[in-house]
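K.L.:
Below is the structure I would like to discuss, written out as structure tokens.
The values are calculated or read from the model by the stated rules, or taken from the named source; none is laboratory data. Keep in mind that what you see is a predicted model, and the values were worked out from it rather than measured. FYI the Cβ positions are ideal-geometry reconstructions off the backbone, even for glycines, and counts take in every protein chain you see.
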Amino acid sequence: MKTYGAQNMWGLLRRVLVKRPDASMGSADPARWNYHGPLDLAKLQSDHDDFVNVLRRSGGRVEFIEQDTNELADACFTHDASLVTDKGAILLRMGKELRQGEVEVHSAAYSAHDVPLLGRIKAPGTVEGGDCLWLDERTLAVGCGFRTNEAGILQLRTILAPLNVEVLSFDLPFLAGPNACLHLMSLISIVDVDLALVHSPLMPVRFRQLLDERCFTCIEAPADEFTASGAISVNVLATSPRHCVMVAGWPKTLALLEEQGCVVDTFSGAELCLKAEGGPTCLTRPILRE
């Protein structure tokens with residue numbers, strides 16, 4: 001029976017890797033880690049526990065990273081350090097230097113959870129999972145910016161070629177500069193095979209045109225909620241087609257998703273997501289989708 005493989009963004013989430021926030025995050029220097037103020041560990045863990053409970057109610061098997069992540073404050077954002085394909089996991093190389101130690105943590109986790117390794121990104125290449133978006137099982141869109149570079153995309157293309165996966169690269173905007181977290185997935189969440197929540201004004205033109213060519217219905221996220229949330233309102237995790245999870249507090253975005261037939265679960269992410277710049281997708285590394 002298949003136990004790993006996640007080459008889409010919307011299939012039934014059967015197995016997912018998460019990491020509970022620990023003391024390294026609660027005591028992190030906000031200026032160094034680019035957080036919006038000091039973080040409260042109890043609130044971080046409460047937000048994460050609420051999120052995990054939503055995942056469990058959706059029926060998925062939640063696998064925890066148990067390794068020590070001392071000095072790796074962002075380790076709870078498990079989406080970024082690796083990518084899981086039908087042939088195993090790819091260990092990525094983080095563009096944010098403070099996070100590069102997370103990759104070995106993921107390597108150990110895959111060994112513990114019986115997921116083979118397919119390959120890894122090596123210097124000078126960088127790729128972060130938040131820049132990698134499956135448009136279908138054979139097409140991976142990758143954002144090229146401050147976190148993911150051309151050398152990393154070239155390596156990723158080589159690793160995925162034997163799987164007959166086409167890797168398409170799109171330049172990201174400068175926006176707030178190299179210290180901020182802007183991934184391709186800061187601008188889009190795919191919640192079904194033909195439905196996406198988007199913030200078009202910051203999208204690469206070629207990428208936005210490609211969505212139209214592929215007949216996606218694009219829900220335009222309300223600009224005021226996108227700005228107020230620091231892009232978190234667009235960060236929506238599909239746990240199955242048109243069944244998704246988002247941070248509470250963005251009613252206009254929620255209503256637009258529901259108008260398209262989505263069932264939306266919410267959780268409190270005020271401390272974990274809004275202050276630390278990572279939404280529900282960032283908090284998960286899908287291992288198995290069907």
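K.L.:
What residue, of A123, A141, A109, is among the aliphatic types (A, V, I, L, M) and more than 21 Å from T281 (Cα to Cα)? Spell out the reasoning first.
P.N.:
Numbers: A141 fails: more than 21 Å from T281 (Cα to Cα); A109 fails: more than 21 Å from T281 (Cα to Cα).
Exactly one of A123, A141, A109 is among the aliphatic types (A, V, I, L, M) and more than 21 Å from T281 (Cα to Cα), namely A123.
K.L.:
Hey, among I219, I159, which residue is in a helix (DSSP H, G or I) and either without any contact (Cβ under 8 Å) to a residue 60 or more places away in the chain or surrounded by 14 or more Cβ atoms within 10 Å (Cβ to Cβ) (or both)? Before the answer, list the steps.
P.N.:
Working: I219 fails: in a helix (DSSP H, G or I).
Going through I219, I159 in turn, just one is in a helix (DSSP H, G or I) and either without any contact (Cβ under 8 Å) to a residue 60 or more places away in the chain or surrounded by 14 or more Cβ atoms within 10 Å (Cβ to Cβ) (or both): I159.
K.L.:
Does A161 fit the bill of being touching a Pro at 6+ places or on another chain (Cβ under 6 Å) and under 19 Å from G119 (Cα atoms)?
P.N.:
Details: touching a Pro at 6+ places or on another chain (Cβ under 6 Å): no; under 19 Å from G119 (Cα atoms): yes.
No; evaluated as a whole, the condition is false for this residue.
K.L.:
With respect to P286, determine if the residue is surrounded by 17 or more Cβ atoms within 10 Å (Cβ to Cβ), within 24 Å of R147 (Cα to Cα) and modelled with pLDDT of 95 or more.
P.N.:
Values: surrounded by 17 or more Cβ atoms within 10 Å (Cβ to Cβ): yes; within 24 Å of R147 (Cα to Cα): yes; modelled with pLDDT of 95 or more: yes.
Yes; evaluated as a whole, the condition is true for this residue.
K.L.:
In the range 230-242, how many are among the polar types (S, T, N, Q) and surrounded by fewer than 22 Cβ atoms within 10 Å (Cβ to Cβ)?
P.N.:
Adding up the residues that qualify gives 1.
K.L.:
For S169, only one of the following conditions fails: (1) surrounded by 24 or more Cβ atoms within 10 Å (Cβ to Cβ); (2) outside any helix (DSSP H, G or I). What is its number?
P.N.:
Status for S169: all satisfied but (1).
K.L.:
Here are L254, L182, L197: which of them is touching a residue at least 12 places away in the same chain (Cβ under 8 Å), among the aliphatic types (A, V, I, L, M), crowded, with 17+ Cβ neighbours inside 10 Å and part of a helix (DSSP H, G or I)?
P.N.:
Being touching a residue at least 12 places away in the same chain (Cβ under 8 Å), among the aliphatic types (A, V, I, L, M), crowded, with 17+ Cβ neighbours inside 10 Å and part of a helix (DSSP H, G or I) holds for just one of L254, L182, L197, which is L254.
K.L.:
Tell me, which residue of the range 126-136 that is buried (at least 22 other Cβ atoms within 10 Å of the Cβ) and hydrophobic (A, V, I, L, M, F, W, C) is farthest from R14 (Cα to Cα)?
P.N.:
V127
K.L.:
I would also like to ask the following. Identify, please: which residue in the range 8-22 is of a type in the set (A, V, I, L, M, F, W, C) and outside any loop (DSSP other than H, G, I, E, B) and is, among those, nearest to I190 (Cα to Cα)? Explain how you work it out, then say what you get.
P.N.:
First, the residues of the range 8-22 that are of a type in the set (A, V, I, L, M, F, W, C): 9-10, 12-13, 16-18.
Then keep just the ones that are outside any loop (DSSP other than H, G, I, E, B); that gives 13, 16-18.
Values: L13: 14, V16: 17, L17: 19, V18: 20 Å.
Of everything passing the filter in the range 8-22, L13 is nearest to I190 (Cα to Cα).
K.L.:
When the residues of the range 67-92 are filtered to those that are surrounded by fewer than 20 Cβ atoms within 10 Å (Cβ to Cβ), touching a residue at least 40 places away in the same chain (Cβ under 8 Å) and not small (G, A, S), which remaining residue is nearest to R32 (Cα to Cα)? Walk me through how you get there before you give the answer.
P.N.:
As a first pass, look at the range 67-92 and keep what is surrounded by fewer than 20 Cβ atoms within 10 Å (Cβ to Cβ): 67-68, 70-71, 86-88.
Narrowing further to those that are touching a residue at least 40 places away in the same chain (Cβ under 8 Å): 67, 70-71, 86-88.
Checking the rest, the ones that are also not small (G, A, S) come to 67, 70-71, 86-87.
On the way: Q67: 23, N70: 15, E71: 12, D86: 36, K87: 36 Å.
Result: E71.
K.L.:
Here is a check on your reading of the model: is F174 among the aromatic types (F, W, Y), under 17 Å from the mean Cα position of the chain (by Cα) and part of a loop (DSSP other than H, G, I, E, B)? Can you show your working first?
P.N.:
Values: among the aromatic types (F, W, Y): yes; under 17 Å from the mean Cα position of the chain (by Cα): no; part of a loop (DSSP other than H, G, I, E, B): yes.
When the stated conditions are applied, F174 does not pass them.
K.L.:
To continue, here is another question. Looking at the range 227-251, which of its residues are part of a helix (DSSP H, G or I) and of a type in the set (A, V, I, L, M, F, W, C)? First the steps, then the outcome.
P.N.:
Here is the first cut: in the range 227-251, the ones part of a helix (DSSP H, G or I) are 227-229, 232-234, 251.
Across the range 227-251, the qualifying residues are A228, I232, V234.
K.L.:
Sticking with this structure for a sec: Being within 21 Å of the chain's Cα centre (by Cα) and in contact (Cβ under 8 Å) with a residue 40 or more places away in the chain is the filter; apply it to the range 40-52 and report the residue that is surrounded by the most Cβ atoms within 10 Å (Cβ to Cβ). Show your work before the answer.
P.N.:
The first filter runs over the range 40-52 and keeps only residues within 21 Å of the chain's Cα centre (by Cα), leaving 44-52.
Right, trim to in contact (Cβ under 8 Å) with a residue 40 or more places away in the chain and you get 44, 46-48, 50-51.
Numbers: L44: 22, S46: 16, D47: 25, H48: 22, D50: 15, F51: 27.
The qualifying residue surrounded by the most Cβ atoms within 10 Å (Cβ to Cβ) is F51.
K.L.:
If you don't mind, there's one more thing I want to ask. Got a number for residues in the range 93-125 being buried (at least 20 other Cβ atoms within 10 Å of the Cβ) and either under 16 Å from the mean Cα position of the chain (by Cα) or among the charged types (D, E, K, R) (or both)?
P.N.:
Final tally of qualifying residues: 6.
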